[in-house]
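The values are calculated or read from the model by the stated rules, or taken from the named source; none is laboratory data. For clarity, every value in this text was computed on a predicted model and none was experimentally measured. Backbone-built Cβ (ideal geometry, glycine too); neighbour counts: all protein chains shown.
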């Protein structure tokens, strides 16, 4: 038996079953091989369902499984750690014509992928809010401050109300969907055991992205102001402090 | 530099810290907080190694706290010991780090392959039993035991197909692997039943032909019943329901041959409420008590 032929036939049902397979009673081996095919596809589909539960709720289980199947046969995992499986699914959804009637689906998928990353990210003790007080008391020193964010921090911005849509689908019953056609940015982080998913304005989003790139606070604040004329640095910092987004500050 | 350990130098005698010869259950995230709240009287918990190969977060938090109170078995599902290609060294390193962190009493993996040319297929795929596959499996197990610095248990597979090129029966193949590598056997009684039914063999004869003196743990799980194209039963190792009565019977027969063994209830799909899982474990403990009342008493009271 050649494992290459076996592996390819598992993911491509159009391929013939590999040579050299036998059943004790002489029965058709393709029906037995189908058990393996089904195990592979069903288990990988389940892995995507675990990573993208809101996407599944938005389109229904039948549609989701068909869409997942289209993607996974060309993108099987490259690692046995399935917590890391599913990167790239959002990009596929963006170009998946049958899902075009749900234009925000791909961005909700990006949010769910960020959630998985934040959930499994490295642990770190967040900076105590009190440790920030001296820095905030001397505004002239703020621009040069370097801020390390908590390793679980993830952000994304969308033309759609992804945080509101995601939030509405955390409830068991959904009474009314939020208006999707409103731009929202998301901050995700897990200071302890729970992942927080927080709607932030465009300026705060730009600030956090700049900090993630390693920019000093002054430069990051400028990025915030460039993205949003109404940007208020103190208000943005208050949100980040409240959700324990900082790990360390250095002058 | 890593310490080289030849299979012969691995201590095959009972380690001071081994799994209790009682029942355990697979640890599922939906039961984390309940287990910590109730501290159930169970022999051990078992986790799939790959679920914990993440940087941080709740999985590590809860496993760490549960490990403080309970014995642990780490069960790999992604090493692909039967693969034609080389073992994934980075994955093996990650497993070594996981074992160093949680210090489980047991580590086990499967007689199967799941990765080909860098693609992980997420299923335990079958191997022909030939001289060539025997040498390859033994080389890989030597490598695992060297890198991890410990003896591993190898689980007998559930399979749906056989290969015309096979020159060994499964029990003979496993016996030879155990003999050459010094690894132990994770006797999956459900897999014996499933494979024997699927291939027209007598489960009790298969069981008796396995290297039972090397058993270090037993697995029990539920299976689904389907039929092949000839109308004969084709059992699917689904792990999504209660253990079948025929498997309980085979388990009792297995214990007569092996003596009491740490016994895991595997229930990975349609995960039931905690009380249902616990009831399955209690049923296994009743069988364990019946077969080895003295050993049971010593373990339980100690």
Looking only at helices (runs of 4 or more DSSP H) that fall completely inside the stretch A:43-134, which ones have 3 or more residues that are in contact (Cβ under 8 Å) with a residue 40 or more places away in the chain?
-> A:53-59, A:105-120
Residue A:175, sole failed condition from (1) closer than 30 Å to residue B:29 by Cβ; (2) surrounded by 19 or more Cβ atoms within 10 Å (Cβ to Cβ); (3) at pLDDT below 95 | (2)
What are the pairs, 6+ residues apart or on separate chains, where a residue within the stretch B:68-94 that is within 12 Å of chain A (Cβ to nearest Cβ) and over 14 Å from residue B:136 (Cα atoms) has its Cβ under 6 Å from a residue that is at pLDDT 95 or above and in a helix (DSSP H, G or I)?
-> B:76/B:49; B:77/B:50; B:78/B:50; B:92/B:147
Yes or no: residue A:121 under 18 Å from the mean Cα position of the chain (by Cα), modelled with pLDDT of 90 or more and within 14 Å of chain B (Cβ to nearest Cβ)?
-> yes
The stretch B:272-302, residues that are surrounded by 15 or more Cβ atoms within 10 Å (Cβ to Cβ), at pLDDT below 95 and outside any helix (DSSP H, G or I) = B:292
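Here is a yes/no grid of residues against (1) within 16 Å of the chain's Cα centre (by Cα); (2) buried (at least 18 other Cβ atoms within 10 Å of the Cβ):
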site	(1), (2)
B:225	no, no
B:228	no, yes
B:231	no, no
B:237	yes, yes
B:245	no, no
B:250	no, yes
B:257	no, no
Scanning for something buried (at least 18 other Cβ atoms within 10 Å of the Cβ), away from chain B (no Cβ under 14 Å) and more than 25 Å from residue B:195 (Cβ to Cβ), does the stretch A:71-89 turn up at least one residue?
-> yes
Only residues in the stretch B:33-53 that are touching a residue at least 60 places away in the same chain (Cβ under 8 Å) count as the first member; pair them with residues that are assigned to a helix (DSSP H, G or I), Cβ under 7 angstrom, at least 6 apart or cross-chain, and list the lot.
-> B:34/B:274; B:35/B:66; B:40/B:278; B:42/B:281
What pairs come up if the first residue lies in the stretch B:222-239 and is touching a residue at least 40 places away in the same chain (Cβ under 8 Å) and more than 9 Å from every other protein chain (Cβ to nearest Cβ), the second is part of a loop (DSSP other than H, G, I, E, B) and exposed (fewer than 15 other Cβ atoms within 10 Å of the Cβ), and their beta carbons are under 6 Å apart, counting only those six or more places apart or on different chains?
-> B:222/B:241
Within the bounds of the stretch A:24-39, is there any residue that is facing chain B (nearest Cβ under 10 Å), touching a strand residue (DSSP E or B) at 6+ places or on another chain (Cβ under 7 Å) and on the phi > 0 side of the Ramachandran plot?
-> no
Subset of the stretch A:9-52, residues more than 21 Å from residue B:115 (Cα to Cα), buried (at least 16 other Cβ atoms within 10 Å of the Cβ) and out of contact with any helix residue (DSSP H, G or I) (no Cβ under 6 Å at 6 or more places or on another chain), comes to A:22, A:27, A:29, A:31
Lone qualifier among A:50, A:46 - being under 19 Å from residue A:166 (Cβ atoms) and within 17 Å of the chain's Cα centre (by Cα) | A:50
